[in-house]
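Take a look at the structure below.
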Amino acid sequence: MENESIKLKILTLCKQSVQDKSEALQQQSKSLQNSLSSETKSSAGDKHETGRAMIQLEREQLGRQLAQLEQQSEILSRINPDQPHKLISVGSLIFTSKENYFISVAIGKLEVEGQTFYAISNNSPTGKLLLMKSAGDTVEFNKTVFSIESVI
């Protein structure tokens, strides 16, 4: 039961991280919109148009980042922390002889109950290696061999 509790805490941290990033990007987007709205035409017309174009490019980039965060949020919402896993897939909590992983979205290093976990995407190099493996299997990554101790 303890590992299921850890899994829920990690999932909650991942969701919070995505939410925090989304809110920060939305705030940036509002700020850019205000900059675009307040951009006034001056006698230096080219400078004005360049400034507007730069702001528009930044808004487009923010839009792409927000769309990516929305996809991550959708992936996280489909993970059931109570569902046990025998084979590694999205939503698996993995304990190995080297590192501990949570297959979900690329959040990175998380500290939970004194242990370090890495929230990684199933499309990451390590995620791809781990998919469909189970406890007792060994994996080699960057000339380092590690064994999968348990999958939750």
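Values quoted throughout were computed directly from the atomic coordinates according to the rules given, and no laboratory measurement underlies them. Please read these numbers as outputs of a predicted model, since none were measured by experiment. Cβ atoms come from the backbone with ideal geometry, glycine included; neighbour counts cover every protein chain shown.
Some observations on this one:
- Segment LEU8-ASP20, extension gain: residue separation times 0.36 nm, minus the distance between their alpha carbons: 2.5 nm
- Cβ-Cβ FRET estimate between SER35 and ALA106, R0 fixed at 30 Å, reported to 0.05: 0.50
- Gap separating the Cα centres of the stretch 20-35 and the stretch 57-133, nearest whole Å: 25
- Close Lys-Lys pairs in the stretch 1-146, where close means Cα under 19 Å and separation is 8 or more or interchain: 19
- Rh (Kirkwood; distinct C-alpha pairs) - the chain, Å: 17.7
- Helix-only [θ]222 nm of the chain, DSSP H runs n ≥ 4, -39500 (n - 2.57) each, per residue, nearest 500: -17500 deg cm²/dmol
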